[in-house]
Amino acid sequence: MTVMSAFGTFAKSKARGFRRARCPGCRLWTELCLCPDYAPLESRLRVSIVMPSTEANSSSNTARLLGLWLRGTEIYVRGGSQGPSYTSERMPALDAESALLFPLEHSPADAALGGEADGRCVDSAAFGEHKFRHLIVPDGTWAQARRLARRELLPLGLPRLTLHPAWPSIYGLRRKPQGVCTFEAVAIALALSGELELARQLLARFALWNQRQTAIKQGGEEPSLAWPAPPPHPALALLER
Ligand SMILES: [Zn+2]
């Protein structure tokens, strides 16, 4: 692809994105909106997302989808103005069943097992050991989420749940993707804590949203409701082993 044609694609997708009305919930074009088709799902866990205000209105943000599709999800926006769909509190209330989900570093066990040749994902033993019922998840770009975790969440002394970096992601809407996005991380954590069927449904919705949002962003052929459903999320094959 030449520089000129790359620029042309970018300019076209930008213009197209601005021209079309988007659903305030899923942020897809209104004609592609997934909201009426998918009611919120029940979980035995509560999820609290802590995000910077720059994420609150980003169409590529995936934590918002958890707010739509997972009952018991609260979104805490740090700094700046908050939208009507977010809680007015600044930080989640913690209890003995709260745990921090963030890949700051891996446990010695993970590091020792991470190089397995068959690519099997190994997760922190914490998933089995802790009877957590409340996940605290920092969101944003990796730099923002890391800063949030280090400055505000780690000092709280919560048990930490860490996903191995080998977990596969289909999310490619950000310039520097690193590992799974927030939505995928929460879905995988739910599956690992015993809610596999819930994770299956969440990841199927996510794959569909991701297919449409990616097509909107990239330009080219317009996504339509007639498109075949995307393949199952690759994390499911690992979770179902
Ligand atoms: Zn929608």
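Filtered by the rule that a residue be surrounded by fewer than 20 Cβ atoms within 10 Å (Cβ to Cβ) and touching a Phe, Trp or Tyr at 6+ places or on another chain (Cβ under 9 Å), segment 223-233 gives a lone residue, Pro223. Please indicate, with yes or no, whether at least one residue in segment 202-209 is in a helix (DSSP H, G or I) and farther than 18 Å from Ala237 by Cα. Scanning segment 202-209, I find at least one residue that is in a helix (DSSP H, G or I) and farther than 18 Å from Ala237 by Cα, so the answer is yes. The single condition from (1) surrounded by fewer than 16 Cβ atoms within 10 Å (Cβ to Cβ); (2) modelled with pLDDT of 85 or more; (3) part of a loop (DSSP other than H, G, I, E, B); (4) not acidic (Asp, Glu) that Ser169 fails is (1).
When Arg151 is tested against (1) in contact (Cβ under 8 Å) with a residue 12 or more places away in the chain; (2) closer than 21 Å to Pro52 by Cβ, exactly one condition is not met: (1).
Table: residues versus (1) closer than 24 Å to Gln211 by Cα; (2) at pLDDT 95 or above; (3) under 13 Å from the mean Cα position of the chain (by Cα); (4) within 13 Å of the ligand (Cβ to nearest atom).
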site: Thr9; (1), (2), (3), (4): yes, no, no, no
site: Lys14; (1), (2), (3), (4): yes, no, no, no
site: Gly17; (1), (2), (3), (4): yes, no, no, no
site: Asp37; (1), (2), (3), (4): yes, no, no, yes
site: Val47; (1), (2), (3), (4): no, yes, yes, no
site: Ser53; (1), (2), (3), (4): no, no, no, no
site: Trp69; (1), (2), (3), (4): yes, yes, yes, yes
site: Ser88; (1), (2), (3), (4): no, no, no, no
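Evaluation of Arg212 against the conditions (1) outside any helix (DSSP H, G or I); (2) touching a Pro at 6+ places or on another chain (Cβ under 6 Å); (3) closer than 20 Å to Ala39 by Cβ shows that the sole unmet condition is (1).
Somewhere in segment 95-106, is a residue at pLDDT below 90, part of a strand (DSSP E or B) and in contact with a His (Cβ under 9 Å, 6 or more places away or on another chain)? Yes: segment 95-106 contains one or more residues that are at pLDDT below 90, part of a strand (DSSP E or B) and in contact with a His (Cβ under 9 Å, 6 or more places away or on another chain). Taken over segment 185-241, the criterion of being among the charged types (D, E, K, R) and either touching a helix residue (DSSP H, G or I) at 6+ places or on another chain (Cβ under 8 Å) or in contact (Cβ under 8 Å) with a residue 40 or more places away in the chain (or both) is satisfied by Glu195, Arg200, Arg205, Arg212, Lys217, Glu221, Glu222, Glu240, Arg241. Within segment 71-83, which residues are surrounded by fewer than 16 Cβ atoms within 10 Å (Cβ to Cβ), modelled with pLDDT under 90 and away from the ligand (no atom under 15 Å from the Cβ)? Passing the criteria: Gly79, Gly80, Ser81.
Just give me the residues in segment 25-44 being among the polar types (S, T, N, Q) and assigned to a loop (DSSP other than H, G, I, E, B), in sequence order.
Within segment 25-44, the subset among the polar types (S, T, N, Q) is 30, 43.
Correct list: Ser43 only.
The C-beta contact set for segment 25-50 (first residue free of Cβ contacts under 8 Å to residues at least 24 places away in the same chain, second residue outside any loop (DSSP other than H, G, I, E, B) and within 9 Å of the ligand (Cβ to nearest atom), distance under 8 angstrom, 6+ apart or interchain) comprises Thr30/Arg22. In segment 54-61, the count of residues that are out of contact with any Leu (no Cβ under 7 Å at 6 or more places or on another chain) and in a strand (DSSP E or B) is zero.
Checking Glu240, Glu152, Glu197 one by one, the residue that is surrounded by fewer than 20 Cβ atoms within 10 Å (Cβ to Cβ) and in contact with a strand residue (DSSP E or B) (Cβ under 8 Å, 6 or more places away or on another chain) is Glu152 and no other.
The values are calculated or read from the model by the stated rules, or taken from the named source; none is laboratory data. Fair warning: this is a prediction, and the values are worked out from it, not measured in the lab. So basically every Cβ, Gly included, is an ideal-geometry build from the backbone, and we count neighbours across all protein chains shown.
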